[in-house]
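Notes follow the structure.
The values are calculated or read from the model by the stated rules, or taken from the named source; none is laboratory data. This structure is a prediction, so every number in the text was calculated from the model and none was measured. Positions of Cβ are backbone-derived with ideal geometry, glycine not excepted, and every protein chain shown enters the neighbour counts. These area figures cover heavy atoms from the full protein model, side chains too; ligands, DNA and RNA do not enter into them. Shrake-Rupley method; radii C 1.70, N 1.55, O 1.52, S 1.80 Å.
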Amino acid sequence: MNVLVFSLKRSKKNDPTFLGIVFCSANYMNKEEDFDANLAGEDGETEETKRSWFKRIKKGILTPTKDKADAPEGLWTKCPTCKYTCTINEIRENYFVCPKCQYHHRIGSSEYFEILFDDNRFTELFANIVSKDYLGFVDLKPYDKRLEETYAKTDIHDSITVAHGKVDENDLVVACMDFEFIGGSLGSVMGEKISRACDYCIKHRIPFMIINKSGGARMMESAFSLMQLAKTSGKLSQLTDNKIPYISLCTDPTFGGTTASFAMLGDIICGEPGALIGFAGPRVIKETIKRDLPEGFQRSEFLLEHGFLDFIVHRKELKQKMASVLVLFKQ
Ligand SMILES: [Zn+2]
């Protein structure tokens with residue numbers, strides 16, 4: 001631009017029609033010089049001018065979600081409590097517990113089986129029982145369609161998986177819930193699997209353990225879901241009659257129908273650190289009793305203090321703790 005201005009000055013110096021242009025160009029040149037001064041870090045302009053060449057014309061992020069370049073999924077994870085970010089491998093090696101704040105990430109049945117069973121060897125039981133929409137229930141979508149979609153995106157058979165394996169060479173049948181399967185909801189399949197697991201344990205004289213992770217009853221099965229509370233409670237009492245130990249581990253979250261039945265019926269009831277365990281959610285309770293709830297309400301530490309839990313077990317110590325409990329029961 002400077003070159004152009006100088007050439008105009010030289011050739012049309014005395015032509016009055018070009019005086020204006022020269023004047024304007026000269027003005028521009030001043031700005032150019034200031035601009036250069038700004039680049040060199042020299043002051044000489046107002047704050048506004050200095051900022052102007054960084055000015056955002058349109059506000060906000062305008063890239064549509066579908067065009068965003070995401071990092072590949074499943075490589076990194078962020079702790080919801082302390083925001084510590086680490087790789088999935090790092091957290092897996094640490095039993096899916098945040099290395100910084102010990103937050104216990106929600107994991108599924110296959111991870112619990114891997115933690116508990118020797119060499120990750122176990123036999124899955126009753127995998128052939130599947131949910132059915134016998135009421136033709138429709139909420140946001142038909143129940144049978146919801147089931148189809150859930151089967152398609154998970155490789156589990158229902159919200160609970162039962163497996164028989166060895167924990168430090170002690171036989172144990174574990175029924176573990178998966179929250180990703182319709183919120184780990186208690187439906188007729190869960191009831192039936194727990195019931196058959198009780199029969200299996202009685203027949204083979206093996207202790208039984210349930211790892212709870214559920215939002216409550218499966219609404220799409222209506223009263224059939226509620227009947228499972230009585231059914232499972234009845235079956236667990238048969239374990240007691242046959243002197244078979246039953247351990248209940250409450251993880252985050254254990255709510256509704258599960259807490260109202262088998263989760264609170266264990267010979268030993270334990271919880272993971274910081275797990276939310278209750279019947280109704282804190283918001284419902286607060287609105288009902290019209291009072292503020294104490295700090296840490298419904299967390300496992302609070303429940304331990306009030307006698308609902310026997311102990312809290314860190315996931316790192318889960319296997320060793322269960323093994324020693326099983327040895328004690330054998331005595
Ligand atoms: Zn954390």
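Any idea what the dipole of the range 178-331 comes to, in debye rounded to 20, about its Cα centre with Lys/Arg Cβ at +1 and Asp/Glu Cβ at -1?
Around 360 debye, computed over the range 178-331.
Given H placed on each backbone N at 1.01 Å, which residues far from residue 186 in sequence or on other chains put an amide H within less than 5 Å of it?
HN-HN under 5 Å from residue 186: 216, 217, 218.
Once you order the gyration tensor axes a ≥ b ≥ c over the Cα atoms, which shape class does the range 242-284 get: rounded for a/c under 1.5, otherwise prolate or oblate by comparing a/b with b/c?
Working: a/c = 4.11, a/b = 1.77, b/c = 2.32.
Note, shape of the range 242-284 comes out oblate.
Please calculate the 1.4 Å probe accessible area of residue 83, with all protein chains present, and give it to the nearest 10 Å².
Surface accessible to solvent at residue 83 totals approximately 120 Å².
Tally Lys/Arg at +1 and Asp/Glu at -1 over every other residue whose Cβ is under 15 Å from the Cβ of residue 272; what's the total?
Numbers: positive: 106, 213, 299, 315, 316, 319, 321; negative: 111, 252, 301, 310, 317.
Around residue 272, the charge tally is +2.
Let me know the volume per residue of the alpha-carbon convex hull for the range 99-171, in Å³.
Values: hull volume 10.5 nm³, N = 73.
Per-residue hull volume (Cα only) is 144 Å³.
Which of the three applies to the range 188-331, rounded, prolate or oblate, going by the alpha-carbon gyration tensor with a ≥ b ≥ c and a/c under 1.5 meaning rounded? Kindly include the intermediate steps, with their values, before the conclusion.
Numbers: a/c = 2.39, a/b = 1.25, b/c = 1.90.
Because a/c hits 1.5 or more and a/b fails to exceed b/c, the range 188-331 counts as oblate.
Would you mind computing, in nm to one decimal, how far apart the modelled labels at residue 144 and residue 120 are, each placed 7 Å from Cα along Cα→Cβ?
The answer from the label model is 3.7 nm.
What translational D, rounded to a whole number of µm²/s, comes out for the range 283-326 from Stokes-Einstein when the hydrodynamic radius is the Kirkwood one over Cα pairs, at 25 °C and 0.890 mPa s?
On the way: Rh = 12.6 Å.
This corresponds to a translational diffusion coefficient of 194 µm²/s.
Between their Cα atoms, which of 78/153; 213/321; 193/290; 83/153; 153/213 are more than 30 Å away from each other? Could the numbers behind the result be given before it?
Numbers: 78/153 22 Å; 213/321 19 Å; 193/290 39 Å; 83/153 27 Å; 153/213 19 Å.
Table pairs above 30 Å Cα-Cα are 193/290.
Evaluate the Kirkwood expression for the hydrodynamic radius of the range 91-225, namely the inverse of the mean inverse distance over all pairs of different C-alpha atoms, and round to one decimal in Å. Don't jump to the answer; show the numbers that get you there.
Numbers: mean 1/r = 0.0631 Å⁻¹.
After inverting the mean inverse Cα-Cα distance, the result is 15.9 Å.
Would you mind getting me the FRET efficiency between residue 292 and residue 200? Use the beta-carbon distance for r and R0 = 56 Å, nearest 0.05. If you can, show how the numbers build up before the last one.
Numbers: r = 46 Å, r/R0 = 0.82.
With a Förster radius of 56 Å, E is 0.75.
DSSP loop GluC sites (Glu not before Pro) in the range 293-331 with at most 14 other Cβ atoms within 10 Å of their Cβ, which ones? Let's see the in-between values first.
Numbers: sites: 295, 301, 305, 317; in loops: 295.
In loop regions of the range 293-331 (DSSP not H, G, I, E or B), the sparsely surrounded GluC sites (Glu not before Pro) are 295.
By the scheme Lys and Arg +1, Asp and Glu -1, what is the net charge of all other residues having a beta-carbon under 13 Å from that of residue 154? Show your work: numbers first, answer last.
Values: positive: 146, 153; negative: 148, 149, 155, 158, 178, 180.
My count for the surroundings of residue 154 gives -4.
What ranking, highest mean first, results for peptides 214-222, 191-199, 281-289, 245-253 when packing means the other Cβ atoms within 10 Å averaged over each residue? Let's see the in-between values first.
Details: 214-222: 22.2, 191-199: 20.7, 281-289: 11.6, 245-253: 24.0.
Per-residue Cβ counts within 10 Å, averaged per peptide and sorted highest first, yield 245-253, 214-222, 191-199, 281-289.
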